[in-house]
Amino acid sequence: MSDCIFCKIIDGSIPSVKLYEDDQVLAFFDISQVTKGHTLVIPKDHHESIYELPEKVATHLFSVIPNIANALKRTFEPTGLNLLNNNGKDAGQTVFHYHIHLIPRYGEPGLHG
Ligand code: 5GP
Ligand code: ZN
């Protein structure tokens, strides 16, 4: 998709700080770090949201997340980690290329107090 920011990150026309890359998946730091180490994991094929994501793409994408999570844990030593995926603008999606946020947490109160 020529007008997609994340496709441009994949093709290198927009720079990013990459943590992990293979032939199907890219992980890079979010430009606005909610917390230190905030990372986005994306498929290299353009799919808008979870509703369009082929099972094979989802399977591979999720299979690499534990390794990325462990790399973040080793590097930043967070005390917790949230995975977040927004689908549709009413759910807060702003970039319409499927992505999963990995948000390390550092001793902050949990969602349930
Ligand atoms: P969403 O709100 O769609 O779930 O998340 C999109 C994320 O993409 C946001 O957290 C935003 O900071 C990030 N983002 C938007 N543009 C860029 C960019 O050019 N580079 C990087 N690294 N992240 C971006
Ligand atoms: Zn895209």
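The values are calculated or read from the model by the stated rules, or taken from the named source; none is laboratory data. Because the structure is a prediction, the values reported are computed rather than measured. Every residue, glycine among them, receives a Cβ derived from its backbone with ideal geometry; neighbour counts consider all protein chains shown.
Only one entry of 73, 36 meets the criterion of being away from ligand 1 (no atom under 14 Å from the Cβ), within 15 Å of residue 102 (Cβ to Cβ) and in contact with a Phe, Trp or Tyr (Cβ under 6 Å, 6 or more places away or on another chain), and that entry is 36.
Can you pull out every residue in segment 19-70 that is crowded, with 16+ Cβ neighbours inside 10 Å and of a type in the set (Gly, Ala, Ser)? If the condition is that a residue be crowded, with 16+ Cβ neighbours inside 10 Å and of a type in the set (Gly, Ala, Ser), then 27, 37, 49, 69 are the ones that fit. Here residue 59 qualifies as more than 11 Å from ligand 1 (Cβ to nearest atom), farther than 29 Å from residue 106 by Cβ and of a type in the set (Val, Ile, Thr). Checking 54, 43 one by one, the residue that is within 16 Å of residue 95 (Cα to Cα) and not hydroxyl-bearing (Ser, Thr, Tyr) is 43 and no other. Can you find a residue in segment 25-41 that is of a type in the set (Phe, Trp, Tyr) and touching a residue at least 24 places away in the same chain (Cβ under 8 Å)? No: segment 25-41 contains no residue that is of a type in the set (Phe, Trp, Tyr) and touching a residue at least 24 places away in the same chain (Cβ under 8 Å). Mind checking whether some residue in segment 10-22 is in a helix (DSSP H, G or I), over 24 Å from residue 90 (Cα atoms), free of Cβ contacts under 8 Å to residues at least 40 places away in the same chain and within 14 Å of ligand 1 (Cβ to nearest atom)? Looking through segment 10-22, at least one residue is in a helix (DSSP H, G or I), over 24 Å from residue 90 (Cα atoms), free of Cβ contacts under 8 Å to residues at least 40 places away in the same chain and within 14 Å of ligand 1 (Cβ to nearest atom).
Residue pairs whose Cβ atoms lie under 9 Å apart, separated by 6 or more positions or on different chains, with the first residue in segment 84-99 and within 9 Å of ligand 2 (Cβ to nearest atom) and the second modelled with pLDDT under 95, are 96/1; 97/1.
When you check residue 41 against the structure, is it hydrophobic (A, V, I, L, M, F, W, C) and either within 12 Å of residue 102 (Cα to Cα) or touching an Asp or Glu at 6+ places or on another chain (Cβ under 6 Å) (or both), yes or no? Yes.
The set of residues in segment 71-106 that are exposed (fewer than 12 other Cβ atoms within 10 Å of the Cβ) and part of a helix (DSSP H, G or I) comprises 74, 89, 90, 91. Within segment 30-60, the set of residues being touching a Leu at 6+ places or on another chain (Cβ under 7 Å) and not in a loop (DSSP other than H, G, I, E, B) comprises 39, 41, 42, 43. For segment 1-32, a residue qualifies if it is out of contact with any His (no Cβ under 8 Å at 6 or more places or on another chain) and within 14 Å of ligand 2 (Cβ to nearest atom), and the qualifying residues are 2, 3, 8, 9, 10, 11, 12, 13, 14, 16, 26, 28.
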